[in-house]
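To start, the structure itself, in structure tokens.
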Amino acid sequence: MRRIAILAGAAVLAAGCSTGGSGGGSGEAKTGERTVVLVTHDSFDADAAVLEKFRADTGIKIDVRKSGDAGALTNQLVLTKGAPLGDAAFGVDTTFASRALDEGVFAEYRSPEADKGPQRYSVDDKNRLSAVDVGDVCVNVDPAALTAKNLPVPASFEDLADAKYKDLLVVEDPATSSPGLAFVLGTVAHYGNQGWVNYWQRLKANGVKVVSGWEEAYTQEFSGSSGKGPRPIVVSYASSPSAEIGDDGKPRTQALLDTCFRQVEYAGVLNGAKNTDDARKVVDFLLSEPFQKQVPEKMYVYPAREGVALPDAWQKAAPLPQSPATLAAGDIQANRERWITQWRTAVRG
């Protein structure tokens, strides 16, 4: 997504390649061990022990192939749909799911784990995608930096356009960043088709800074992160404060929960996969309790499965937003490029 890749770190995973079999068969390595190629985004991470347990239980080795952020991943899956890059994919999110579905990237498969919570985030009546995690995009603030400027913590979209917050907000470009696009979609949901462009014109007049991606915005421009940048307001994630816990056990940053847009990441079996049966088992695994339990600490997102407890530090620092903005997948697909063009005219033009 995108996101806290710099915080999550690199995945500790076994290498390999998908081999052998026809659709529905299993790839067989020379040792007899089966391999499933999982195509995903750069922020994917998982506990090595959890992966090894799955390997021991099933005889399936997961070979992870990373392919940029959610947008780049989706583009690659679409471009290679005639000769898929792997057997399963994870990381296509709310902002791009409809495109992948319209392009026929994923095969139909309803995981037996879907009814444990993931199904509530379904975007497809053919069950081609299963929700793995939730990573709501929200404005984050550095309260200490705002206090030093004698400013209160903003609470809403409207506050961000107030003159007292001039030159304090940094956002990501929606044409190049998944959270940047999610934030634009949040403003569309909040202000509607008649008002959101005007809102962005107001943000521009108020000195909003636009950068290409999350890492630059959060780790270089934002004052509340490791980069100690000049701007105390940034577009990031509802979960981001969980990575900013001070020595006193309290978060140094805060997510503004009234600015959140619900972003869900999905997994599915790729159409034309060589190892369909085993790919289904990998999707089941991604929705299973053992994998879901480690999602918060490894990828800084919320599990899609119900009943999975968040780490203690998240209870106060990063509660899951209860009323985030949403848009129908079909509306996003039909309007995404037009909205980006309108945004570009309003902010860049």
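Here are some notes:
- Residue within region 52-64 that is charged (D, E, K, R), under 21 Å from residue 134 (Cα atoms) and assigned to a strand (DSSP E or B) present: no
- Among the candidates 307, 330, 349, residue that is surrounded by fewer than 12 Cβ atoms within 10 Å (Cβ to Cβ), at pLDDT below 90 and of a type in the set (Gly, Ala, Ser): 349
- From the options 111, 130, 98, 122, residue that is surrounded by 24 or more Cβ atoms within 10 Å (Cβ to Cβ) and among the polar types (S, T, N, Q): 130
- Selected residue (criterion: nearest to residue 137 (Cα to Cα)) from residues of region 304-319 that are outside any loop (DSSP other than H, G, I, E, B) and touching a strand residue (DSSP E or B) at 6+ places or on another chain (Cβ under 6 Å): 317
- Across region 41-98, the number of residues qualifying as over 22 Å from residue 126 (Cβ atoms) and hydroxyl-bearing (Ser, Thr, Tyr) comes to 3.
- Scanning region 115-165 for residues that are closer than 24 Å to residue 105 by Cβ and part of a strand (DSSP E or B) returns 130, 131, 132, 133, 134, 137.
- Each residue in region 153-167 was checked for being in contact with a helix residue (DSSP H, G or I) (Cβ under 8 Å, 6 or more places away or on another chain) and over 16 Å from residue 255 (Cβ atoms), and 2 pass.
- Failed item in (1) surrounded by fewer than 23 Cβ atoms within 10 Å (Cβ to Cβ); (2) outside any strand (DSSP E or B), with residue 225 passing the rest: (1)
- Residue 137 over 20 Å from residue 345 (Cα atoms), in contact (Cβ under 8 Å) with a residue 60 or more places away in the chain and in contact with a helix residue (DSSP H, G or I) (Cβ under 6 Å, 6 or more places away or on another chain): yes
- Matching residues in region 65-90 - criterion: being crowded, with 20+ Cβ neighbours inside 10 Å and either more than 24 Å from residue 214 (Cβ to Cβ) or at pLDDT 95 or above (or both): 77, 84, 86, 87, 88, 89, 90
- Of all residues making up region 299-349, the number that are aliphatic (A, V, I, L, M) and within 30 Å of residue 252 (Cβ to Cβ): 12
The values are calculated or read from the model by the stated rules, or taken from the named source; none is laboratory data. All of these numbers come straight from a predicted model, not from anything done at the bench. Using ideal geometry, Cβ is built from the backbone for each residue, glycine included, and neighbour counts are taken over all protein chains shown.
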